[in-house]
Amino acid sequence: MTHPGHDGHGPVIEGTTAPPRGLAPQGREYHPFATGAPGGAHGGPTDRAVPHGAVQPWVPAQGAYGPPPVVVMPAEKSVGVAFVLTFFFGVLGMFYATVPGALILLGITLGAILLASILIGVLSVLTLGFGAVLFTLVPLIGIAAWITSIVWGCLAASGHNERVRAQYAQAGFRPPGR
């Protein structure tokens with residue numbers, strides 16, 4: 001592997017420094033593994049010690065491990081915004097505070113509405129239409145889901161804020177806006 005600025009005369013081993021430019025413009029004038037013994041340790045006439053001294057290990061410019069990693073700390077979520085969104089949009093407003101919680105409550109709500117519709121439909125058939133009056137109770141499922149989403153959304157935003165504050169405290173920082 002060649003390093004930037006290497007003159008292209010042979011490979012440079014990772015972890016070593018390359019010889020300076022212009023040292024041997026026509027080619028290498030020394031054996032890279034020479035011991036400096038007279039007559040050459042490897043038997044060649046050009047077997048000499050490295051002319052630029054001992055090979056030093058390559059050290060990155062930023063230190064041994066490079067620059068410190070960038071850590072993005074999450075932002076806090078407003079409990080008031082979570083309340084307003086869930087108040088006006090119900091279960092869909094929970095996506096601000098907690099996506100998994102919103103998906104869970106949305107699945108439970110849709111499943112309960114489907115199950116209630118099937119049961120009331122079967123009951124209507126069995127009672128020759130008199131059970132259809134029970135369809136007026138299906139909106140109660142939506143009201144229960146709406147109230148649950150408001151409470152769950154506010155608690156999820158508050159819990160998120162506690163976790164963020166704990167992460168900031170662990171890192172030794174103050175949360176922004178405090």
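Bear in mind these aren't lab numbers, they're just calculated from the coordinates by the rules spelled out. Note that the structure is a prediction, hence the values are computed from the model and not measured. Glycine also receives a Cβ, built like all others from the backbone with ideal geometry; neighbour counts cover every protein chain displayed.
Mind giving me the FRET efficiency for W146 and S124? R0 is 30 Å, r the Cβ-Cβ distance, nearest 0.05 is fine.
Details: r = 26 Å, r/R0 = 0.86.
After rounding to 0.05, the efficiency reads 0.70.
How large is the Kirkwood hydrodynamic radius of the stretch 66-174, in angstrom, based on all distinct alpha carbon pairs? Don't skip to the end; give the middle numbers.
Values: mean 1/r = 0.0611 Å⁻¹.
Computed over Cα pairs of the stretch 66-174, the Kirkwood hydrodynamic radius comes out at 16.4 Å.
Along Cα→Cβ, 7 Å out, is where each label goes; now give me the distance between the ones at V138 and L92 in nm to one decimal.
Reported label-point gap for V138 and L92 is 1.9 nm.
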